[in-house]
Every structure is written in C-alpha cells, then in structure tokens.
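**Q** Please see the structure below; I have some questions.
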Amino acid sequence: MAPELFRAEGGISRILRLYLRALAELAGPQEELGYVALNDLPVTPGRVRECAGREVGAAVGCDHGKLGFISACFRHGWSAGRVLCGHLHQLSIVWLLSLLRPGLKYYLVAHGIEVWRPFAFLERRALRGAHRILCISEYTRRQLLRFDPKLEPGRLVIVPNTFDPGFSTPADWSVTRPGFNPRILAVSRLTVADRYKGIDTMIEAMPAIRERLPAAQLRIVGGGNDEGHLRELARELGLAGAVHFTGIISDAALRTEYAACDIFALPSRKEGFGLVYLEAMTYGKPCLAARAGGAPEVVNDEVGAVVEYGNIGQIALAVADMVRHPRDPAAMLRRAGEFSFPRFKDRLAEVLRDEGARASAP
C-alpha cells in the first residue's frame with residue numbers, strides 16, 4: 001500500500017519503489033507480489049516490471065480515488081499473507097482488514113515527520129497492531145515511542161533508507177575538490193509546505209558565504225509554488241548572478257548536477273533521513289546538513305558538516321571549512337556504501353523473517 005509510486009518523484013515515492021524492488025527480489029518463485037497506490041494513474045506492465053525486476057500480480061493505481069483505494073486494498077489484501085503499508089495515513093485501512101483477517105501480518109514504513117506528532121485514536125490502534133514498524137532512523141523511532149509510550153519497543157526496528165543503485169559511482173567519475181569558487185547544489189521541492197528544507201536559509205547565507213568565497217554559486221534543483229518567493233529573496237539580496245534555479249529536471253540531468261557540484265547542501269529542520277545526501281556522496285561530494293531530525297545519522301564531519309538549523313553564520317563557516325579542508329571522497333563513498341541497496345534488502349529480509357528483528361534500543 002502506497003500513497004504513490006510512479007506519479008511523483010518525491011522521496012517517499014522513490015523509497016517505496018525501492019521497497020517494491022526489494023520485496024520482488026526477496027519473494028520466492030511461487031509468491032505473488034502486488035501493490036495498490038492511492039494517487040497513481042494505471043501504469044503499463046513494462047514500467048512496473050522495469051521497477052520491480054519481475055512480473056507483479058496486482059498493480060493498481062487509483063488516481064486519487066479514496067473509495068477505490070480502500071476497496072482495492074480490501075480486495076487484494078484479503079488473500080495476502082503480509083501487507084506493507086507505505087504511510088501512516090493509510091495504516092488504519094490495513095488495521096481494519098486485519099480485524100476481519102486474524103493472523104494477517106502488516107508492517108508500516110515510518111518515514112519521518114508524519115509520525116513526529118501526537119496520534120489520533122485510530123492511528124494509535126493501528127500502530128499497536130502492526131507486526132513491525134520499520135523506522136528509517138533512530139530519531140524517528142524515538143519520536144514514535146515519545147508520542148505513544150504504549151508501543152512495544154521491540155516492534156520498532158531500524159531499516160535505514162537506501163538509494164537507487166543507478167546512483168552508484170559513474171565509471172568516468174574522478175575526484176574533484178572544491179576550489180575557491182565552489183558550486184553549491186541544493187535539491188528539494190520548492191513548496192510553501194517544504195520551507196523547513198532550508199532552501200531559503202541557504203539563499204540568505206550566500207552573502208556571508210561570498211564574503212569568504214566571492215565566486216561561490218548556489219544551484220537549486222526543484223520546483224513548486226514557493227519558487228517565486230525564493231527567486232524574489234535572491235533578488236532582494238542582490239544574488240541574481242549567484243543563485244540559479246534549474247526547475248524540475250530529469251534523473252539524467254540531476255546526475256549531471258551532482259557530478260558538477262562541489263558541495264551539496266540541504267540544512268533541513270525536519271529531514272527524516274535524506275536520500276539526497278547519499279546520492280551526493282556517491283559522487284564523492286561533501287554534504288551540509290542541519291542538526292535536526294534524522295540527517296545527523298547520515299551526515300557527519302568526516303563526510304561534510306552539520307550546523308544548527310537556520311544559523312546563517314554556521315552555514316557560511318561550514319562551507320568555507322569544506323573548501324579549505326576538503327573531505328576525503330573515499331570516505332564519502334564508504335559512507336554511502338553503508339546504505340547500499342543490497343544492505344537495505346538484507347535488513348528488510350531480517351525483519352520479514354522475524355529473526356534478528358532488532359529493536360535497536362537507545
């Protein structure tokens with residue numbers, strides 16, 4: 001069960017496609033795999049097969065139809081042995097199904113901010129009935145236990161996110177170290193709801209960065225309803241020639257941006273994990289993150305810098321430090337390797353086997 005898999009390119013869609021692929025590779029030859037996605041349009045079998053690497057029995061896109069989604073979840077979930085739910089907002093559906101199907105095991109992927117809050121009654125009941133809750137970070141695990149202390153800690157397991165194997169180091173990749181005219185890359189949705197990502201803070205930090213590194217440039221990849229506000233902010237700060245907006249770009253163009261940048265920056269306040277940090281690290285690029293959410297579990301001083309959220313002075317100092325004291329690209333590749341798809345698949349297999357489903361208690 002997923003909000004969407006193929007209709008958008010957000011972080012949740014991308015990681016859930018990788019869950020689909022991992023489940024397809026873990027399933028036995030006689031086991032059938034399927035999905036139901038709330039917001040997706042119907043997808044061609046070839047597109048699904050390309051993602052999963054095998055035939056998928058049920059591939060249902062409900063085009064935002066909630067009643068159709070609920071009906072499809074019950075119809076296809078009725079004969080399922082296990083259900084993996086990709087978002088808390090949909091968990092009550094599979095909980096209700098489990099009441100009618102005693103013995104059905106269901107799992108939740110807990111991504112981040114959607115579970116960092118008090119829960120409604122049905123959400124609490126559904127969470128407590130889950131066989132396992134797969135938390136993408138220790139921070140997310142702690143927040144779940146904070147907002148519902150009655151959850152059994154042993155059911156909350158850490159399964160860190162992974163990244164598309166296609167983002168592995170390119171064959172023609174070579175070590176580049178940031179010079180004194182660094183190109184800083186930020187990748188994010190540019191919507192009012194996503195202002196916590198810190199793109200505005202990066203723009204506000206550019207004058208201080210350019211005091212130390214006058215030729216520094218900021219490239220912002222992404223689009224949304226806040227792009228106009230961010231462009232105006234750059235103009236007000238006199239940064240028209242230093243801040244560049246690419247809009248929404250293809251995966252191939254994004255790889256080019258990663259390869260060409262010197263530093264990747266996303267000083268987000270609510271990042272549950274941060275796939276983009278790993279993608280940048282596969283290109284040997286140091287990362288700037290905020291000391292908030294799950295980002296510090298991915299980025300550390302060996303592979304980048306961690307600053308206080310919203311602290312413009314710290315951001316400027318961190319960028320200058322990464323220029324003057326370059327991080328070792330090999331260390332970044334090793335760090336990214338810790339979250340590789342094969343390791344992710346192994347962790348997921350442990351949880352599904354119910355063996356070694358580690359609580360990872362603090």
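**Q** As an exercise: evaluate Glu271 against (1) in contact with a Cys (Cβ under 7 Å, 6 or more places away or on another chain); (2) part of a loop (DSSP other than H, G, I, E, B) and give the number of the one condition it does not meet.
**A** Evaluating Glu271 over (1) in contact with a Cys (Cβ under 7 Å, 6 or more places away or on another chain); (2) part of a loop (DSSP other than H, G, I, E, B) leaves (1) as the failure.
**Q** I would also like to ask the following. Within the set of pairs 6 or more residues apart or between chains, which connect a residue that is in a helix (DSSP H, G or I) inside segment 105-121 to a residue that is modelled with pLDDT under 95 with Cβ atoms less than 8 Å apart?
**A** Ile113/Lys270; Ile113/Gly272; Ile113/Gly293
**Q** Out of the residues in segment 68-81 that are touching a residue at least 24 places away in the same chain (Cβ under 8 Å) and outside any helix (DSSP H, G or I), which is surrounded by the fewest Cβ atoms within 10 Å (Cβ to Cβ)? Walk me through it before giving the result.
**A** Going residue by residue through segment 68-81, those that are touching a residue at least 24 places away in the same chain (Cβ under 8 Å) are 69, 72-73, 76-77, 80-81.
Now restrict to residues that are outside any helix (DSSP H, G or I): 80-81.
Working: Ala80: 19, Gly81: 10.
Selected residue: Gly81.
**Q** Right, next: Which of the residues belonging to segment 229-256 are at pLDDT below 95 and in a helix (DSSP H, G or I)?
**A** The answer is Asp251, Ala252, Ala253, Leu254, Arg255, Thr256.
**Q** A further question on this structure: Go through segment 43-67 and count every residue that is surrounded by fewer than 13 Cβ atoms within 10 Å (Cβ to Cβ) and either among the hydrophobic types (A, V, I, L, M, F, W, C) or free of Cβ contacts under 8 Å to residues at least 24 places away in the same chain (or both).
**A** Within segment 43-67, residues that are surrounded by fewer than 13 Cβ atoms within 10 Å (Cβ to Cβ) and either among the hydrophobic types (A, V, I, L, M, F, W, C) or free of Cβ contacts under 8 Å to residues at least 24 places away in the same chain (or both) number 6.
**Q** Do the conditions hold for Gly310, that is, is it at positive phi, touching an Asp or Glu at 6+ places or on another chain (Cβ under 6 Å) and either of a type in the set (D, E, K, R) or in the same structural domain as Ile184 (by TED's automatic domain parsing) (or both)?
**A** no
**Q** Follow-up question, since we're still on this one. Out of Glu152, Glu123, Glu138, report the one residue that is touching a Ser or Thr at 6+ places or on another chain (Cβ under 7 Å), surrounded by fewer than 19 Cβ atoms within 10 Å (Cβ to Cβ) and modelled with pLDDT of 95 or more.
**A** Just one listed residue meets the conditions, Glu138.
**Q** Can you tell me how many residues within segment 190-206 are crowded, with 18+ Cβ neighbours inside 10 Å and outside any helix (DSSP H, G or I)?
**A** 2
**Q** Right, next: Can you find a residue in segment 82-94 that is outside any helix (DSSP H, G or I) and in contact with a Leu (Cβ under 6 Å, 6 or more places away or on another chain)?
**A** yes
**Q** Continuing with the same structure: In segment 126-154, how many residues are in contact (Cβ under 8 Å) with a residue 40 or more places away in the chain and in a helix (DSSP H, G or I)?
**A** Of the residues in that region, 7 qualify.
**Q** Follow-up question, since we're still on this one. Just to check your reading of the model, which residue among Pro214, Pro182, Pro165 is in contact with a Cys (Cβ under 9 Å, 6 or more places away or on another chain) and at pLDDT below 95? Talk me through it step by step, then tell me what you get.
**A** Working: Pro214 fails: in contact with a Cys (Cβ under 9 Å, 6 or more places away or on another chain); Pro165 fails: in contact with a Cys (Cβ under 9 Å, 6 or more places away or on another chain).
Just one listed residue meets the conditions, Pro182.
**Q** Quick one: which of Val56, Val115 is touching a Leu at 6+ places or on another chain (Cβ under 9 Å), of a type outside the set (Ser, Thr, Tyr), at pLDDT 95 or above and within 30 Å of Pro342 (Cβ to Cβ)?
**A** Val115
**Q** Does Gly86 count as under 22 Å from the mean Cα position of the chain (by Cα), in the same structural domain as Ala349 (by TED's automatic domain parsing) and touching a residue at least 40 places away in the same chain (Cβ under 8 Å)?
**A** Criteria met by Gly86.
**Q** Those residues that are farther than 23 Å from Gly81 by Cα and acidic (Asp, Glu), I need them from segment 101-128; list them, please.
**A** Glu114
**Q** Is there a residue in segment 8-19 that is over 24 Å from Asn161 (Cα atoms) and out of contact with any Leu (no Cβ under 8 Å at 6 or more places or on another chain)?
**A** Checked against the condition, which is being over 24 Å from Asn161 (Cα atoms) and out of contact with any Leu (no Cβ under 8 Å at 6 or more places or on another chain), segment 8-19 yields no hits at all.
**Q** Shifting gears a bit: Scan (1) closer than 18 Å to Cys261 by Cα; (2) in a helix (DSSP H, G or I); (3) within 27 Å of the chain's Cα centre (by Cα) for the single condition Ile209 breaks and write down its number.
**A** Among (1) closer than 18 Å to Cys261 by Cα; (2) in a helix (DSSP H, G or I); (3) within 27 Å of the chain's Cα centre (by Cα), Ile209 violates only (3).
**Q** On the given criteria, is Glu55 more than 30 Å from Lys197 (Cα to Cα), outside any helix (DSSP H, G or I) and not hydroxyl-bearing (Ser, Thr, Tyr)? Don't jump to the end; show me each part of the working.
**A** On the way: more than 30 Å from Lys197 (Cα to Cα): yes; outside any helix (DSSP H, G or I): yes; not hydroxyl-bearing (Ser, Thr, Tyr): yes.
When the stated conditions are applied, Glu55 passes them.
**Q** Using the structure shown, decide if Leu41 is more than 24 Å from Trp95 (Cα to Cα) and touching a strand residue (DSSP E or B) at 6+ places or on another chain (Cβ under 9 Å).
**A** Criteria met by Leu41.
The values are calculated or read from the model by the stated rules, or taken from the named source; none is laboratory data. Only a predicted model underlies this, so the values are computations on that prediction, with no experimental measurement involved. Note: ideal-geometry Cβ built from the backbone for every residue, glycine included; neighbour counts use all protein chains shown.
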